[in-house]
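The values are calculated or read from the model by the stated rules, or taken from the named source; none is laboratory data. All values reported here derive from a predicted model rather than from experimental measurement. No Cβ is skipped: glycine too gets one built from the backbone with ideal geometry, and neighbour counts run over all protein chains shown.
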Amino acid sequence: MVGRFSGKVAIITGSSFGIGRETALLFAKEGAKVTVTGRNEERLQGTRQALLDSGIPETNFLIVPADITTSSGQDTLISKTLERFGKLDILVNNAGASIPDSQKRTGINQGIETYEQVMRLNVQSVIEMTQKVRPHLAKSKGDIVNVSSIVALNFGWARTPYYPLAKAALDQYTRSAAIDLIHEGIRVNTVNPGVVQTGFHESATGLSSDASQKFYDDMGSNPSAIPCGFSGRPEHIAKAIAFLAHRDSSEYIIGQNIIADGGTSLVLGLHAQFPRQTKN
Ligand SMILES: NC(=O)c1ccc[n+]([C@@H]2O[C@H](COP(=O)([O-])OP(=O)(O)OC[C@H]3O[C@@H](n4cnc5c(N)ncnc54)[C@H](OP(=O)(O)O)[C@@H]3O)[C@@H](O)[C@H]2O)c1
């Protein structure tokens with residue numbers, strides 16, 4: 001397929017659902033060979049079907065079930081990609097979540113094991129993947145895009161403090177990695193989404209999908225939460241990721257954040273909304 005990612009090979013973590021799935025679809029439609037990954041077989045099959053339905057031939061994508069928090073999962077993901085496509089040009093570190101406390105504790109009483117799980121997924125796996133792909137991206141003069149969140153920005157998040165902490169750490173890691181890796185021709189940048197309609201809210205709060213949808217609708221219709229008037233959809237974030245992953249579009253942008261949130265971070269409403277809408 002011909003497009004702006006023709007000839008490129010991309011790994012998109014967390015592409016069994018949500019933002020990652022939409023990013024894999026966009027990249028593949030624009031010519032990339034993509035490796036799709038996640039833990040859940042059924043969701044992975046959903047992405048496979050979405051790719052086929054979009055006319056992407058099986059030869060242009062690879063599905064690798066893997067837990068990104070494990071060293072063996074990371075190694076398998078990279079080695080299978082290289083084996084199948086022969087090189088790597090783009091890594092999108094998108095897998096992430098706000099993992100609920102197993103004992104439903106909130107605030108600073110959330111357990112240290114919750115802190116460790118959240119950090120391992122949202123930060124440590126990105127650090128490890130970055131180290132492991134470095135030689136391959138140095139060869140291809142490749143690009144890394146990390147998916148952070150607006151919760152990394154400068155306001156507190158009282159009920160679930162570890163997820164914002166992890167995303168803030170990810171933003172800072174991006175800046176440091178960017179100035180280290182640019183000497184090898186590798187660019188690193190970040191997209192920080194706001195409220196986006198994916199599986200994120202359901203898994204973070206335990207709400208049903210109907211209740212989550214109501215949350216997205218309520219947020220979208222509240223201009224003091226989302227000034228643009230609607231909750232984000234995965235394709236909004238995929239487009240920002242593609243911009244940062246595409247050298248010709250964003251060559252001179254290094255270690256920066258694109259905030260894709262419909263204006264939420266410009267107003268104070270979001271933080272006021274969440275405690276009333278979520279239970280954990
Ligand atoms: N949606 C939002 O409102 C929002 C806002 C700001 C930031 N974000 C960020 O956007 C990114 C994508 O989230 P999303 O909104 O698309 O959520 P989602 O629909 O819940 O998708 C999360 C993806 O991450 C994967 N994942 C989670 N833990 C994993 C693990 N241990 N190993 C491998 N894959 C794992 C999931 O795959 P499996 O379930 O198959 O393992 C899934 O593909 C995350 O980094 C999230 O923090 C989302």
Pair list, Cβ < 9 Å and 6+ apart or interchain, from the range 252-266 residues that are over 15 Å from Leu170 (Cα atoms) to residues that are assigned to a loop (DSSP other than H, G, I, E, B) and aromatic (Phe, Trp, Tyr): Gly262/Phe230; Ser265/Phe155
Looking across the range 131-149 at residues that are closer than 30 Å to Ala204 by Cβ and among the hydroxyl-bearing types (Ser, Thr, Tyr), the single one that is nearest to the ligand (Cβ to nearest atom) is Ser149
On the given criteria, is Ala138 in a helix (DSSP H, G or I), over 21 Å from Leu77 (Cα atoms), modelled with pLDDT of 95 or more and not acidic (Asp, Glu)? no
Identity of the residue in the range 186-206, more than 8 Å from the ligand (Cβ to nearest atom) and either touching an Asp or Glu at 6+ places or on another chain (Cβ under 8 Å) or in a strand (DSSP E or B) (or both), that ends up farthest from Thr264 (Cα to Cα): Ile186
Looking at Gly220, Gly232 in this structure, which one is under 13 Å from Gly194 (Cβ atoms), surrounded by 20 or more Cβ atoms within 10 Å (Cβ to Cβ), among the small types (Gly, Ala, Ser) and within 14 Å of the ligand (Cβ to nearest atom)? Gly232
When you scan the range 75-89, how many residues do you find that are buried (at least 19 other Cβ atoms within 10 Å of the Cβ) and either in contact with a helix residue (DSSP H, G or I) (Cβ under 6 Å, 6 or more places away or on another chain) or among the β-branched types (Val, Ile, Thr) (or both)? 4
Can you tell me which residue is surrounded by the most Cβ atoms within 10 Å (Cβ to Cβ) among those in the range 54-74 that are near the ligand (Cβ under 10 Å from one of its atoms) and in a helix (DSSP H, G or I)? Gln74
Note down all Cβ pairs under 7 Å where the first residue falls in the range 95-124 and is in a helix (DSSP H, G or I), the second is away from the ligand (no atom under 16 Å from the Cβ) and of a type in the set (Gly, Ala, Ser), and they're at least six residues apart or on different chains. Gly107/Ala158
Residue pairs within 9 Å by beta carbon, gap of at least six or interchain, first lying in the range 216-242 and modelled with pLDDT under 95, second of a type in the set (D, E, K, R) and more than 12 Å from the ligand (Cβ to nearest atom), listed first then second, are Ala225/Asp218
Among the residues of the range 30-42, is any surrounded by 24 or more Cβ atoms within 10 Å (Cβ to Cβ), near the ligand (Cβ under 6 Å from one of its atoms) and not in a helix (DSSP H, G or I)? yes
Name the one entry in Val151, Val133, Val92 that is surrounded by 22 or more Cβ atoms within 10 Å (Cβ to Cβ), part of a strand (DSSP E or B) and under 19 Å from the mean Cα position of the chain (by Cα). Val92
Spot the failing condition for Ala177; the list is (1) over 23 Å from Val267 (Cα atoms); (2) free of Cβ contacts under 8 Å to residues at least 12 places away in the same chain, and only one is missed. (2)
